[in-house]
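A quick write-up on the structure given underneath.
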Amino acid sequence: MKLAHALAALCLVGTSAAALPASAQTIASCRPDIVIGPNGQKIDRIELMKSQIKLQLRQLGYDVDGIESWGGCIKAFINAPDGTSRIGFFDPDTLQPLRR
């Protein structure tokens, strides 16, 4: 359990409350997940599924410019309707926004 708390804290290091929506969920399932990729090499599951995750986030209404794995969380680069950009963090299993 201590490892889960450490990973949860790592997921949000350096984020600000302004970057995370008020309706966000918890960070319970953020954890690094290494899988075997199509070439037989080990790769982070989020990195492997980047295209699909980006598409799913777009279907949820986020104008996502790119994503990356960050401590087991999904770190998304989001374009706001007003032309500004922000970073959002999402649960890798539910795609729910994360909060502290």
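Between residue 41 and residue 80, what is the label-point separation in nm under the 7 Å Cα-to-beta-carbon projection?
3.7
I'd like to compare 83-89, 38-44: which one has the highest average count of other Cβ atoms within 10 Å, and what's the full order after that?
Going by the mean number of other Cβ atoms within 10 Å, highest first, we get 83-89, 38-44.
Step through the residues of the stretch 41-48 one at a time and calculate ³J(HN,Hα) from phi using the Karplus curve (6.51 cos²θ - 1.76 cosθ + 1.60, θ = phi - 60°), rounding each to whole Hz and writing x for Gly and Pro.
Whole-Hz 3J(HN,Hα) from phi for the stretch 41-48: 8, 6, 8, 5, 4, 5, 4, 5.
Each residue of the stretch 81-97 in turn: what ³J(HN,Hα) in whole Hz from Karplus with 6.51, -1.76, 1.60 and θ = phi - 60°, glycine and Pro shown as x?
3J(HN,Hα) across the stretch 81-97, in whole Hz: x, 7, x, 7, 10, 8, 10, x, 10, 10, 5, x, 8, 10, 6, 7, x.
So the label point goes 7 Å from the Cα of residue 33 along Cα→C-beta, right? Which residues of the stretch 64-81 then have their backbone N under 15 Å from it?
Only 68-75 fall inside the zone, counting backbone N under 15 Å.
Need one number: nm distance between label points at residue 95 and residue 65, each 7 Å from Cα along Cα→Cβ, rounded to one decimal.
2.1
FYI, it's all coordinate maths here, none of it is from the lab. Here the structure is a predicted model, which means the values were calculated and not measured. Virtual Cβ from ideal backbone geometry, glycine too; neighbours counted across all protein chains shown.
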